[in-house]
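Okay, so here's the structure we're looking at.
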Amino acid sequence: MFAAIAVALAAGLLSWAYQTIKPPPPKICGSPGGPRITSPRVKLSDGRHLAYREMGVPKEEAKHKIIVIHGFDDSKDLSLPVSQETIEELSIYFLFFDRAGYGESDPYPSRSVKSEAYDIQELADQLQIGSKFYVIGMSMGAYPVYGCLKYIPHRLSGASLVVPFVHYWWPSLPANISREGFQTLCTADQRTFQVAHHTPRLFYWWMTQKWFPSLSIMAGNMNLFSPPDMEIIKKLSETPKVGQEKVRQQGVHESLHRDILAGYAKWEFDIMDISNPFPDNEGSVHLWQGYEDRIIPLQINRYIAEKLPWIHYHEVPDAGHLMLFKTELCEAILRALLLG
């Protein structure tokens with residue numbers, strides 16, 4: 001009898017554990033009971049859809065075509081503070097898109113640095129924007145830029161990494177540099193990134209359990225933002241953000257959690273294995289770091305720029321994590337990318 005009870009308890013515990021670590025199914029756009037499709041989308045070769053938004057000069061007339069890659073908890077509806085005069089002067093066509101699982105783009109459980117790069121390539125081909133294009137990635141949207149530099153460098157006219165994501169477990173990163181950067185994070189964020197990297201199967205449980213704090217930015221910790229960031233947040237709050245309600249609509253796990261898992265997974269390549277995509281200076285790669293950024297540790301990005309001297313490093317003294325949303329800095333980033 002005791003053996004039967006023990007077996008029953010063990011089975012119950014296993015069932016509970018399985019349900020705890022298993023994420024819920026996504027609410028796919030256009031499926032029965034799922035969110036409505038309200039944006040144009042392309043169908044990829046694997047059957048998934050990517051939602052997109054176009055802005056600027058018509059692509060048939062544009063001199064410069066830029067694919068903008070949004071960051072964490074954002075979407076194709078992000079608004080860059082660039083004037084119409086600048087857009088016309090530089091003849092820019094912008095292409096924004098929802099990364100897999102965000103907004104109205106289909107989820108992808110096998111999402112990775114590589115898949116994000118090939119999604120960008122296929123999106124460009126489906127919309128026939130040309131054989132070459134520029135990419136700008138902000139924060140978590142920067143790891144797809146690294147993917148582009150590794151997997152599709154021949155498609156790039158140039159690239160900008162703005163306050164870019166850093167991976168604390170890149171093999172070539174010296175332990176002291178990694179440790180110094182990692183220790184600038186709060187304990188909750190350290191634990192979250194460790195779970196994502198070392199035990200990804202437990203990540204959904206970690207992000208939904210109530211015993212310990214997980215990711216501070218999702219908990220609304222405003223201490224992550226420096227005074228320059230707070231000025232930008234105040235200004236942005238004056239205008240309602242279009243499309244924000246759609247960002248997580250297919251599920252927090254499919255959008256935010258999988259973004260973190262893809263970024264902090266073990267990559268197929270090391271950051272130092274990336275070669276200069278423009279050996280004849282026919283294009284350029286830029287890395288923009290805010291000195292006041294409290295989310296991305298500057299020590300690691302400084303080291304990357306030092307070891308990869310073909311990356312043009314810009315450290316902005318009075319800027320934080322949201323520098324791309326400050327008009328003069330946004331235009332400076334664009335001009336550096338397009339004009340050198």
Taking region 330-340 and the residues there that are open to solvent by 30 Å² or more (accessible area, probe 1.4 Å) and of a type in the set (A, V, I, L, M), the one that is modelled with the highest pLDDT would be ALA332
Identity of the residue in region 154-169, open to solvent by less than 10 Å² (accessible area, probe 1.4 Å) and among the hydrophobic types (A, V, I, L, M, F, W, C), that ends up nearest to ILE129 (Cα to Cα) = LEU156
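Are any residues in region 296-334 among the hydroxyl-bearing types (Ser, Thr, Tyr) and not in a helix (DSSP H, G or I), and if so, which ones?
Step one: of region 296-334, the residues among the hydroxyl-bearing types (Ser, Thr, Tyr) are 303, 313, 327.
Selection gives TYR313 alone.
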Looking only at region 38-61, decide whether some residue is more than 22 Å from ILE129 (Cβ to Cβ), in a loop (DSSP other than H, G, I, E, B) and β-branched (Val, Ile, Thr).
-> yes
Residues in region 190-199: is at least one open to solvent by 60 Å² or more (accessible area, probe 1.4 Å), touching a Ser or Thr at 6+ places or on another chain (Cβ under 9 Å), in a helix (DSSP H, G or I) and without any contact (Cβ under 8 Å) to a residue 40 or more places away in the chain?
-> yes
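Are any residues in region 321-340 closer than 18 Å to HIS70 by Cβ and not β-branched (Val, Ile, Thr), and if so, which ones? So that I can check it myself, show each step before the final result.
Going through region 321-340, the residues closer than 18 Å to HIS70 by Cβ turn out to be 321-326, 329-330, 333-334, 337.
HIS321, LEU322, MET323, LEU324, PHE325, LYS326, LEU329, CYS330, LEU334, LEU337, listed by residue number.
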Does any residue in region 227-248 that is farther than 14 Å from ASP77 by Cα and at pLDDT 90 or above come within less than 9 Å, Cβ to Cβ, of a residue that is small (Gly, Ala, Ser) and not in a loop (DSSP other than H, G, I, E, B) six or more places away or on a different chain, and which pairs are these?
-> PRO228/GLY290; ASP229/GLY290
Conditions (1) in a loop (DSSP other than H, G, I, E, B); (2) surrounded by 21 or more Cβ atoms within 10 Å (Cβ to Cβ); (3) of a type outside the set (D, E, K, R): number failed by TRP288 | (1)
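Filter the helices (runs of 4 or more DSSP H) completely within region 76-152 down to those with at least 1 residues that are over 13 Å from the mean Cα position of the chain (by Cα) and either modelled with pLDDT under 95 or surrounded by 21 or more Cβ atoms within 10 Å (Cβ to Cβ) (or both). Walk me through it before giving the result.
Working: elements: 84-90, 113-126, 143-151.
Fully inside region 76-152 and qualifying: 113-126, 143-151.
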Taking only region 22-62 into account, find how many residues are in contact with a Ser or Thr (Cβ under 8 Å, 6 or more places away or on another chain) and within 30 Å of ILE87 (Cα to Cα).
-> 9
Whichever residue in region 266-285 is small (Gly, Ala, Ser) and either surrounded by 13 or more Cβ atoms within 10 Å (Cβ to Cβ) or without any contact (Cβ under 8 Å) to a residue 60 or more places away in the chain (or both) and, among such residues, is nearest to MET230 (Cα to Cα) | SER284
Report yes if GLU231 is among the acidic types (Asp, Glu), open to solvent by 40 Å² or more (accessible area, probe 1.4 Å) and assigned to a loop (DSSP other than H, G, I, E, B), otherwise no.
-> no
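Being touching a His at 6+ places or on another chain (Cβ under 8 Å) and either in contact (Cβ under 8 Å) with a residue 60 or more places away in the chain or within 30 Å of ALA219 (Cα to Cα) (or both) is the requirement here; does GLY263 meet it?
Numbers: touching a His at 6+ places or on another chain (Cβ under 8 Å): yes; either in contact (Cβ under 8 Å) with a residue 60 or more places away in the chain or within 30 Å of ALA219 (Cα to Cα) (or both): yes.
So GLY263 fits the description; yes.
The values are calculated or read from the model by the stated rules, or taken from the named source; none is laboratory data. Keep in mind that what you see is a predicted model, and the values were worked out from it rather than measured. Please note: Cβ atoms are built from the backbone with ideal geometry, for glycine as well, and neighbour counts cover all protein chains shown. With ligands, DNA and RNA removed, areas are computed over all heavy atoms of the protein, side chains included. Shrake-Rupley method; radii C 1.70, N 1.55, O 1.52, S 1.80 Å.
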